[in-house]
Amino acid sequence: MGKTANYISDLDGNLHVKLTYVGGVEQAAEFFPDLRMIRNELGEKYPRVNDMIHKATILKRDRQKHRYNFIVPKDGATEIKHLLSRLGFENFVVKKNEKMNEFKIIQESLERNPDVVIAYTHKETDSFCRGGPFHPLQSVDYWVAPKNGLYTESELQEFMENLVPDLTPISTDDFHQFPYGLRFGRLYFNEEVGKVNTSTTGTIKLSEDEVEVNNCKDITEPYIRRMVVSVFPCNEYVMDFFEDKENKMSQYSASASDLEKYDSKVPEKKNQSLFGNC
């Protein structure tokens, strides 16, 4: 069974760790001792180690892929490196980025991947942004597809999970196969690009006395850049979506009959892109 570890430092020096295990079904439980060792040695000292995010993917030929993501504060960076090395992780990749720019990492990951076609990109900035996680200063959308087309839930899920290996998304919409079709997947990323100080005022008025009470306080809100990577089965689907005058196609799912159509034909628009990069 292959075991790899990747990590990257954020702006605060915290280490984002991604553990990956790939092997047969019978070997899937072999990594549990590693996880127990990590929790036992570091979990009490660094509680965020215990908040592991697990994702499993069923691969071809009865193979499985398991990923565990967690964060170690900068004080524990050396300890986790030594522990993972001691546990025998192969291809131990150290990626450092003192001034991590998630937008650039996502962009370069997609552009440099020979198996990816960037079919559409869109960037929008809100000049009246109030700040905060629910009001992004900038939104960036990527619509991507596998160069040679993939049409099953497991293949597309694996493709999506390997698009941006150095970052952990804040949220994921997984691919899901239904009897009548396929729901598409998405990766969501938030990057703090600045801060803004705001002042809020609360006013209470009593109907008879008209007494006014003001409650003012200063609040520091982050400016967020939100990036969404939407994954489609093939580039031809995206091209046809934008040419669809009758609005019969969806950016969220495709019917089984449509998937069969794209799977069987030789596309004319295989590597065509609608727009340039952001």
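Assorted remarks:
- Residue that is farthest from Glu161 (Cα to Cα) [pool: residues in region 79-138 that are modelled with pLDDT under 75 and charged (D, E, K, R)]: Arg130
- Among the residues of region 170-192, the one identified as closer than 11 Å to Arg226 by Cβ and in a loop (DSSP other than H, G, I, E, B) is Ile170.
- Sub-6 Å Cβ pairs linking a first residue in region 136-154 that is among the aromatic types (Phe, Trp, Tyr) to a second residue that is in a strand (DSSP E or B), at least 6 apart or interchain, are Tyr142/Thr121; Tyr142/Val229; Trp143/Ala119; Trp143/Tyr120; Trp143/Ser230, ordered by first then second residue.
This table checks each residue for (1) under 17 Å from Pro146 (Cα atoms); (2) at pLDDT 80 or above.
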{"site": "Phe178", "(1), (2)": "no, yes"}
{"site": "Phe184", "(1), (2)": "yes, yes"}
{"site": "Leu187", "(1), (2)": "yes, yes"}
{"site": "Thr198", "(1), (2)": "no, no"}
{"site": "Thr203", "(1), (2)": "no, no"}
{"site": "Met227", "(1), (2)": "no, yes"}
{"site": "Phe242", "(1), (2)": "no, yes"}
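The values are calculated or read from the model by the stated rules, or taken from the named source; none is laboratory data. Keep in mind it's a predicted model, so treat the numbers as computed, not measured. For neighbour counting, all protein chains shown are included, and Cβ atoms are generated from backbone atoms with ideal geometry for every residue, glycine included.
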